[in-house]
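Note sheet for the following structure.
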Amino acid sequence: MLRSLSIIFLLSVSALTLSGCAVSKGGPSASLPLIVAHRGGTGDAPENTLEAIRQAVANRADALWLTVQLSRDGVPVLYRPASLSDLTNVSGPVSARTVAELATVNAGWQFKQVDAQGAITYPYRQTPVGIPTLREALLAIPANMPVILDMKALPALPQTQAVAGVLDELKAWPRVKVYSTEADYQQSFAVYPQAQMFEPRDATRTRLVKVLLNEGCIDAPAAGSAAAFELHRPLAVTEKFTLGEGRSEVRATLWNPATMACFRKNPDVQVMAIGVNNAEDYRMAACLGVNSVLADSPKNMVLVRQQMPLMLRCDK
């Protein structure tokens, strides 16, 4: 029970501290976080499509985050959900269709825009966009633009082997980093010495929670590693009683001065804050010294960054 109560207290303190960005005294942060386009910029265009990539590049995003899974014929393509019906005009899993069939699917079918009067339109129903291959995407992205591949689909081994084949062919390993919530991907990519990986999400989560629970920074990330986790995230808090338990939900701010100090204990650790989509959250990230933020709309967040040096004071 004490631990449960302590997490609520600590998270409340974190939120208060970050709302003022009480990290440094005086002027703006020395460098502002890079803006990574989440799934190519899911707020600006149909996610994980060549159109989203084109717009992200045009809007001056610094890097791209793309989701990969395999077609029926074993080709890495860009698509996130388990079912095609979530985003497209067809149904079933990606793995049930060939790469040629997926190219004819309209990946922008469910993408909607809302105007100032609240009217909803579906602009890509008249101008369809297909599901691209990873190879097509990498060829469309400027060679100096970093790419993060989010690997979700299982089993991991065939996905890894197919992606590695594309990265070998295009000599793209130096500009690609892999992120996954699945531990299997850490093992399957480990056989490729050129692979660059984010640390396991479980390791990042555990370290964040231990610091928030005031257990200290026992296991800091290795020098030169990379970690990514949500800036804010709902957490379930369980209180143990003699005759039962109580559960509640809290919205936690996970990156704060204490957690950042733990992750920066060793040199050259790169930290990405996920889900940064407004000026205040970007200001928090900048004041904390986060390296990059994962944003749904590069178009909006690049404008926020342009205005930030005029408004950013981390002592207020």
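The values are calculated or read from the model by the stated rules, or taken from the named source; none is laboratory data. Since we're looking at a predicted model, the values are computed, not measured. Calculation scope for accessible area: heavy atoms of the full protein, side chains included, ligands and nucleic acids excluded. Shrake-Rupley method; radii C 1.70, N 1.55, O 1.52, S 1.80 Å.
Remark on ILE274: its backbone amide H falls under 5 Å from those of PHE229, GLU230, LEU231, LEU294, a criterion applied only to residues 5 or more positions apart or on other chains, H modelled at 1.01 Å from N.
Using the Kirkwood radius over Cα pairs, work out the Stokes-Einstein diffusion coefficient for the chain at 25 °C and 0.890 mPa s, in µm²/s as a whole number.
The Stokes-Einstein estimate is 117 µm²/s.
Build a GNM of the chain with springs between Cα atoms under 10 Å apart, and of ARG72, ARG97, ARG247 the one that fluctuates most is ARG247.
Taking every C-alpha pair closer than 8 Å and separated by at least 6 residues, the mean separation divided by the residue count of the chain gives a relative contact order of 25 percent.
Using a probe radius of 1.4 angstrom, the carbon and sulfur fraction of the accessible surface of the range 124-252 is 53%. Taking amide H atoms as placed 1.01 Å from N in the peptide plane, the amide H of VAL178 lies under 5 Å from those of LEU149, GLN196, MET197, PHE198, each 5 or more residues away in sequence or on another chain.
Using a probe of 1.4 Å on the protein chains alone, the accessible area found for ASP73 is around 80 Å². Close amide H partners of ASN256, meaning residues 5 or more places away or on another chain with modelled amide H under 5 Å apart, do not exist here. What the range 92-243 shows is 51 Å² of accessible area per residue, with the surface traced by a 1.4 Å probe over protein heavy atoms. For the range 52-94, relative contact order (Cα pairs under 8 Å, six or more residues apart, normalised by length) works out to 25 percent.
Here the contact order of the range 125-224, divided by its residue count and restricted to Cα pairs under 8 Å and six or more residues apart, works out to 23 percent.
Comparing GLY92, GLY108, GLY130 in a Gaussian network model of the chain, where Cα atoms under 10 Å apart are tied by springs, the biggest mean-square fluctuation is seen for GLY92. Computed from phi, the 3J(HN,Hα) profile of the range 81-88 under the Karplus parametrisation 6.51, -1.76, 1.60 (θ = phi - 60°) reads x, 6, 10, 5, 5, 5, 10, 10 Hz, with x in place of Gly and Pro.
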